[in-house]
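The values are calculated or read from the model by the stated rules, or taken from the named source; none is laboratory data. This structure is a prediction, so every number in the text was calculated from the model and none was measured. Here the Cβ positions follow ideal geometry from the backbone for every residue, glycine too, while neighbour counts run over all protein chains shown.
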Amino acid sequence: MDEDYVFVSRPDEAPSDSQLKTRHLAEIDCFIDKLEPALWPLNCFIHDNPELGYKEFKTHDALTNFMKSHSGWTVTRSAYGMATAWEAIFDTGRAGPVVSFNAEMDALPNLGHACGHNLIAMVSVAAGLATAEIVDQEGLPGKVIIVGTPAEEGGGGKVKLLEAGAYKNTDVSLISHPGILNNSPMVRTTAFTRLDVEYHGKAAHSAKNPWQGVNALDAMVIAYNGISAMRQQTRSDDFIGVQIIHGGDRPNYIHEYAAGAAVLRASTAPHLHELQRKVEGCFRAGAEATGATAEIQVRPGYLDHMPNRVLASSFAKYWHEMPNAPDPPLPPPGQYTYVKSSTDQGNLSYALPSMNVSFAIPPGPERGQPHSPDFEQASKTRGAFDRAMRVAKAMAGTAMDIYTVPGLLQKMKDQWKRDMNQDQDA
């Protein structure tokens, strides 16, 4: 519990935060334990049927069929104009908090579920169902929403859902992500974007009349070298990766066309914008130095994820109350866990309060991290599933605090506003 957030229990008042926590955890634990026999085969089915972004048809059908089997939920298939997006809503019919859980579905090319999206889906489905069950039992107002979010792996499914209004009236968005290094509700991911550049010059024979040519490849090489030199003046947490995609067709010609790409990551969105400006300057400098023309395309990227301390504090209470907490331990309250990866959940965190819980699963024999064949195998094990269910219980508890702890919803929103102001000033 935060130092500035204290409850004084009185006979005529609601139960204390601690009492609510204990009671809800017992109910959550019992409900999810009963749900596990149905979730485990669903988890295995999703893992064994990996599908790329916006093509998660089997997973979409499996998850929506599962949600339709639970009473009280309104399930929309192919939601918000996307064939594989879906939405399940448990609506009490009375105004109150609206808590959303995101269930990712897509896999990686040639690697299957090496990012563990099967586990992400299981956490959100289990936590959402448990939350709705207790909200219903206690006659609480509000809504519980589970959103099937396609194409996280570079496709920006949540960005499109956000633009389509999927989170318009939502108070908070909750999600998780497996790995092998961290257990943390305070994950800070990087902001990410990609730049594509095409250079157009003029072809000429390199022996007969090279002076009549304009070498597009030279422009690309100058840009590449400029970016390499610029790295000395970038922040320690900036990342730039550059690729020459097309370097000409024949070595004995002045190349009339060249193309490249740069992938950029930075700790915050403002830092990313600064880095992007510098890289674009290097691309333009290549054209200026050679006389070629440059066409620069900026692909839609992901913002850094801004975690919420209020949500993280609630999650930590439930996590610690459950026995046998796995290593590594949660970080101290309020301390960020920085990771170099990026996610479209970051874009949501700039639109509404968000929590993206990182949880460690038992590693494979090679201790491979996400996006490795070793992690693809690890993400299907029963041990990984059991860790996911622990996260689901703590996440459902966090949601129940939003519904039941007086003032917590507003405190969460106030924290989000402060975080947004501080991040823009960074």
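Structural remarks
- Residues that are assigned to a strand (DSSP E or B) and out of contact with any strand residue (DSSP E or B) (no Cβ under 8 Å at 6 or more places or on another chain), drawn from the range 101-159: LEU108, GLY112
- Every residue from the range 53-66 that is touching a residue at least 60 places away in the same chain (Cβ under 8 Å) and in contact with a Leu (Cβ under 8 Å, 6 or more places away or on another chain): LEU63
- Matching residues, the range 71-81, being in contact (Cβ under 8 Å) with a residue 60 or more places away in the chain and out of contact with any Phe, Trp or Tyr (no Cβ under 7 Å at 6 or more places or on another chain): TYR80, GLY81
- If you go through the range 245-283 and keep only what is in contact with a Leu (Cβ under 8 Å, 6 or more places away or on another chain) and under 30 Å from ALA207 (Cβ atoms), you end up with GLY247, GLY248, HIS255, ALA258, PHE283.
- Criterion (touching a helix residue (DSSP H, G or I) at 6+ places or on another chain (Cβ under 7 Å), touching a residue at least 12 places away in the same chain (Cβ under 8 Å), within 23 Å of VAL391 (Cα to Cα) and in the same structural domain as GLY368 (by TED's automatic domain parsing)) met by exactly one of VAL159, VAL135: VAL135
- Members of the range 273-294 found to be of a type in the set (S, T, N, Q), part of a helix (DSSP H, G or I) and farther than 28 Å from LYS160 by Cβ, listed by number: THR290
Let's see how each residue does on (1) in a loop (DSSP other than H, G, I, E, B); (2) in contact with a Pro (Cβ under 7 Å, 6 or more places away or on another chain); (3) in the same structural domain as ILE120 (by TED's automatic domain parsing):
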| position | (1), (2), (3) |
| --- | --- |
| ILE296 | no, no, no |
| PRO323 | yes, no, yes |
| PRO328 | yes, no, yes |
| SER342 | yes, no, yes |
| LEU348 | no, no, yes |
| LEU352 | yes, no, yes |
| PHE359 | no, yes, yes |
| GLY364 | yes, no, yes |
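- Filter pass, ASP386 being free of Cβ contacts under 8 Å to residues at least 60 places away in the same chain, acidic (Asp, Glu) and more than 30 Å from ALA266 (Cα to Cα): yes
- Candidate set: the range 182-206, residues that are modelled with pLDDT of 95 or more and assigned to a loop (DSSP other than H, G, I, E, B); chosen: the one nearest to ASP238 (Cα to Cα): THR190
- Within the range 32-75, the set of residues being touching a strand residue (DSSP E or B) at 6+ places or on another chain (Cβ under 9 Å), of a type in the set (Val, Ile, Thr) and surrounded by 15 or more Cβ atoms within 10 Å (Cβ to Cβ) comprises THR59, THR64, VAL75.
- Within the range 160-173, the set of residues being in contact with a strand residue (DSSP E or B) (Cβ under 7 Å, 6 or more places away or on another chain) and more than 16 Å from TYR350 (Cβ to Cβ) comprises ASN169 only.
- Looking across ARG250, ARG277, ARG231, ARG309, one residue alone is of a type in the set (D, E, K, R) and surrounded by 17 or more Cβ atoms within 10 Å (Cβ to Cβ). It is ARG309.
- Scanning the range 71-95 for residues that are among the small types (Gly, Ala, Ser), at negative phi, touching a helix residue (DSSP H, G or I) at 6+ places or on another chain (Cβ under 7 Å) and assigned to a loop (DSSP other than H, G, I, E, B) returns a single hit, ALA85.
- Members of the range 204-239 found to be touching a residue at least 60 places away in the same chain (Cβ under 8 Å) and of a type in the set (Asp, Glu), listed by number: ASP218, ASP237
- Scanning the range 332-385 for residues that are among the β-branched types (Val, Ile, Thr) and closer than 18 Å to PRO307 by Cα returns THR337, VAL339, THR343, VAL357.
- Every residue from the range 222-272 that is of a type in the set (Phe, Trp, Tyr) and either in contact with a helix residue (DSSP H, G or I) (Cβ under 6 Å, 6 or more places away or on another chain) or assigned to a loop (DSSP other than H, G, I, E, B) (or both): TYR257
- Yes/no for MET220 being buried (at least 23 other Cβ atoms within 10 Å of the Cβ) and over 30 Å from ALA384 (Cα atoms): yes
- Condition broken by GLY301, with the remaining ones in (1) part of a strand (DSSP E or B); (2) modelled with pLDDT of 95 or more; (3) not β-branched (Val, Ile, Thr) satisfied: (2)
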